[in-house]
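The structure under discussion appears below in the form of C-alpha cells.
The values are calculated or read from the model by the stated rules, or taken from the named source; none is laboratory data. Just so it is clear, the structure is predicted and the values come from calculations on it, not from any experiment. Heads up, the Cβs are rebuilt from the backbone with ideal geometry, glycines too, and the neighbour counts pull from every protein chain shown.
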Amino acid sequence: MSDLKAGLEAYLSDLWGAPTSVSNLSRIPGGASRETYRLDADTGGVTRGMILRRDPPGSLIETDRRLEFLAYRTVHGHVPVPQAIALEADGGPLDRPFFLMERIDGGTVPSPFVFDPYGEHAAALGRQFFTTLGKLAALPHEGTPIRQVAEAPAPEDCWRIALDHWSGVIEADEQHPQPIVRAAIRWLRRHPPPPAQRVSIVHGDYRTGNFMHDGAGTILAILDWEMAHLGDPIEDLGWAFDPLWNHFDEGKVAGLIPPAEAVALWEAASGLTVDAKALAWWSLFNAVKGQAIWTSAAKEYRDGGFIDPILAISGWYTARRHDVILAKRLAQLEGI
C-alpha cells in the first residue's frame, strides 16, 4: 500500500502542478473488474475525496477502462454519478492502468444477496432507480465522449451483437458442459426480439448493488459503468428485472417496487414503450449474460490467475442460481 500511496502522490502532484499528499488510502471490498480504493488528496490545504479504479492482475470480466471513464464523462450531469477526473491508460506510476474520480460520501451500497436491505425506503428508491434508467435511455449520445470508443449498432442488430459477444465468452471460458445455458442461447437465436426502438447508452450492469443511497430514500450515485455500451435500452431493464437481484422478494424488482410500476416509470422517463416480447427476450438474454460472467469467474479462479473469493462465489453460487432462473424461463416461454 505504501508504493501505491507514493505513486498516487507523484501522479497527482504532476497532474495538478502542486505538491499533493495522499491520506486515508484503503481498499474497498468487492469489485469484479477493477480494484477500487478510497483516498483523500490534499493540495495546498484543499482536500478532495477521491476514488481510484485500477486494473487488477486478473478480472471477472474484461472491460475497457477508457470506455468506463468516458461513460462517466458522458452521463455526468444527466444521471447521478461521480465526476471522472483523470485516466492513465498505461499505468504510469501505479504499474497498471487506472482512472480517478470524485468520491461521494455519506452513502451505502448493500449487497444484492441480503433480505430487504431498503426497508421503508424501498418504494422511494425504486421510483428514482427506474426513472433514472429511463432518463439514461432518453439521453442523446451523438457527439458525446462515449462515442469516441463506442459505435452505435443498427436497431435490428442490437440483439445479435450482444448475444454473439456473451455466447462467445461462454464458448471460450467454460470448463464443463452447460446444457441449460446452451438451450437458452438456441432459443434466443430462434426467436429474435423486435428491433430496438432507440439505440441508447446501456449501462450494462444496472441493478441493486450498483447504486449508492443515503439510507433515507435518496439515490446518490449510479456506479460501475465498466460494461457500458450502445444498444437496446431494454437490455438494462431486463438485467434490473433479473430474479438474481430481487433480494428474495419475487413481488418486487430489485427488492424495490412491483414490476408494473417499474415499467411505467421507465416508460414515462424514456418516452419509449416496453414491448412484452422484447422484455421477455432481453430477460432471458440477461440470464445468459450472467452465466457467461460467472463462467469467466470460475475459469479465472480455477486457473489461479486471480484468487479473489468473489470469483469463487460467482462461479458457484450465482452460476447455480442462474441455471435455475434460465430453466424456469425456458419452461415458461415454451409453455411447459
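General remarks:
- Checking every residue in the stretch 68-78 against the condition of being closer than 28 Å to Lys252 by Cα, in the same structural domain as Glu35 (by TED's automatic domain parsing), in a loop (DSSP other than H, G, I, E, B) and not β-branched (Val, Ile, Thr) gives at least one match.
- Within the stretch 1-14, residues that are surrounded by fewer than 16 Cβ atoms within 10 Å (Cβ to Cβ) reach partners that are among the β-branched types (Val, Ile, Thr) and outside any helix (DSSP H, G or I) with beta carbons closer than 8 Å, at six or more positions or on different chains, in the pairs Lys5/Val22.
- Of the helices (runs of 4 or more DSSP H) that lie entirely inside the stretch 219-304, those containing 2 or more residues that are over 16 Å from the mean Cα position of the chain (by Cα) and crowded, with 24+ Cβ neighbours inside 10 Å span 259-270, 276-303.
- Inspection of the stretch 307-327 identifies at least one residue that is over 28 Å from Pro56 (Cα atoms), surrounded by 19 or more Cβ atoms within 10 Å (Cβ to Cβ) and not small (Gly, Ala, Ser).
- Unmet requirement for Ser59, which otherwise passes all of (1) among the hydroxyl-bearing types (Ser, Thr, Tyr); (2) part of a loop (DSSP other than H, G, I, E, B); (3) at pLDDT 95 or above: (3)
- Flag if Trp266 is of a type in the set (Phe, Trp, Tyr) and touching a His at 6+ places or on another chain (Cβ under 9 Å): no
- For the stretch 161-202, the set of residues classified as surrounded by fewer than 21 Cβ atoms within 10 Å (Cβ to Cβ), more than 28 Å from Trp316 (Cα to Cα) and either of a type in the set (A, V, I, L, M, F, W, C) or free of Cβ contacts under 8 Å to residues at least 60 places away in the same chain (or both) consists of Arg190, Pro195, Val199, listed by residue number.
- Hits in the stretch 215-238 - residues which are charged (D, E, K, R), at pLDDT 95 or above and over 17 Å from Thr131 (Cβ atoms): Asp232, Glu235
- Verdict on Gln83 being among the polar types (S, T, N, Q) and under 23 Å from Ala10 (Cβ atoms): yes
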